[in-house]
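Presented below is the structure to which this report refers.
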Amino acid sequence: MVNYWQYIGTAQLPTEVPAAVKDEWETTLKAEMTRIYSNLLTKIPSEVLFKDRIADASSDQFEAFLATVGGAWDADEIKMKQRVKLNRQYAQWLANVQACFGGASPYFGDRVTSKKQKYDLARYTLGVVGLRYQTTQPYTVWGIASKGALFLRGDTRPKRYIGTHESFTGTLENVCDTIGGRYGTPAMIAETVKACVMAKFADEGGLTTVRDNIITAHNTVLDKILQGFLNTAHLTPPKDVTWVLSWDAVNTHVKLTVTDIH
């Protein structure tokens with residue numbers, strides 16, 4: 001077997017999110033304040049519905065989660081406290097919503113502005129998916145996850161934006177099912193982003209074993225997703241398609257290798 005085509009790329013971690021992106025986030029979110037306030041009060045117009053749609057709904061899910069947790073926990077006591085405390089919070093919840101979004105001087109806009117710099121965390125995601133109007137590194141039109149997914153579908157456009165941390169070799173072909181590829185490749189992107197971000201976080205925290213375990217676990221999930229939307233011609237050996245994440249120790253980020261094997 002030989003590699004019919006292969007894409008290799010390492011994710012990039014920019015130092016910050018471009019100012020224009022943060023400004024757009026701030027402006028857009030502030031413009032949504034009235035609609036958010038209206039929607040909250042439309043969905044939760046009374047204490048009865050607060051208890052049903054927030055308090056009890058939360059407690060039901062929390063109790064189901066707690067049932068899966070082991071260890072020396074007094075589960076019944078914990079569940080009781082969570083349900084009782086949350087059910088008596090409607091007045092406080094409504095006061096907080098009104099202070100944030102309603103009244104003469106809501107504080108929502110000020111909070112958005114004060115937290116604006118925290119949006120720089122989005123660079124961990126943008127470094128994997130790319131930024132559509134940027135054509136140079138560290139952001140490119142498509143990041144490694146986006147390029148890999150587009151290559152699976154036979155899209156030649158990403159080849160125009162191969163950076164120094166990337167390579168493409170071979171003759172590109174579409175390996176996806178006609179319909180399945182449109183729905184499966186977004187899932188590949190989402191799962192790859194999650195893996196890359198968590199692995200990078202772990203590496204920055206010095207948790208190299210956890211980092212490698214994250215990559216291994218996500219490779220298993222990614223392969224299951226991938227096999228679900230490939231063209232049947234690529235499901236039987238000697239043909240195969242692989243999407244593999246690994247750690248690039250030189251560039252200190254996750255590397256993606258997508259291979260079409262004949």
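Of note:
- Remark: the stretch 19-119 carries a charge dipole of roughly 280 debye about the Cα centre, counting +1 on each Lys and Arg Cβ and -1 on each Asp and Glu Cβ.
- Local electrostatic count, T171, Cβ distance below 13 Å [Lys/Arg +1, Asp/Glu -1]: -1
- Anisotropy class of the stretch 1-54 from Cα gyration tensor, a/c 1.5 cut: oblate
- Net charge over other residues, Cβ less than 9 angstrom from the Cβ of I144 (K, R count +1; D, E count -1): +1
- Across all Cα atoms of the stretch 19-119, the radius of gyration (one decimal) and Dmax (whole number) stand at 17.8, 50 Å.
- Spatially, the stretch 50-100 and the stretch 198-262 are offset by 38 Å when compared through their Cα centroids.
- Taking the helices alone, the chain has a mean residue ellipticity at 222 nm of -15500 deg cm²/dmol, built from -39,500 (n - 2.57) per DSSP H run of at least 4 residues and averaged over all its residues.
- Against the chain, whose longest principal axis is taken from its Cα atoms, helix 75-87 shows a tilt of about 70°.
- Order by protection proxy (mean Cβ within 10 Å, highest first), peptides 184-196, 8-20, 105-117, 217-229: 184-196, 8-20, 217-229, 105-117
- For M198, the shell of other residues with beta-carbons less than 12 Å away shows a net charge of -1, using +1 for Lys and Arg and -1 for Asp and Glu.
- Those aspartates and glutamates that a straight Cα-Cα span of less than 16 Å connects to K43, excepting residues fewer than 8 apart in one chain: D52, D56
- Test item: Cα-centred dipole of the stretch 88-138, Lys/Arg +1 and Asp/Glu -1 on Cβ, debye: 100
- Values [x] 130; [y] 148; [z] 189 are given for comparison; volume of the Cα convex hull per residue in Å³, derived from the coordinates here, is the one labelled [z].
- Cβ crowding within 10 Å, taken as a proxy for footprinting-reagent exposure, orders I215, I162 from fewest neighbours to most as I162, I215.
- Rounded to the nearest 10 degrees, the inclination of helix 19-31 to the longest alpha-carbon principal axis of the chain is 40 degrees.
- Axis angle, to the nearest 10 degrees, between helix 33-43 and the longest C-alpha principal axis of the chain: 70 degrees.
Quick note: the coordinates plus some simple rules give every number you see, no bench work behind them. Bear in mind that the values here come from a model prediction, so they are computed numbers and not experimental data. We place every Cβ from the backbone using ideal geometry, glycine too, and count neighbours over all the protein chains shown.
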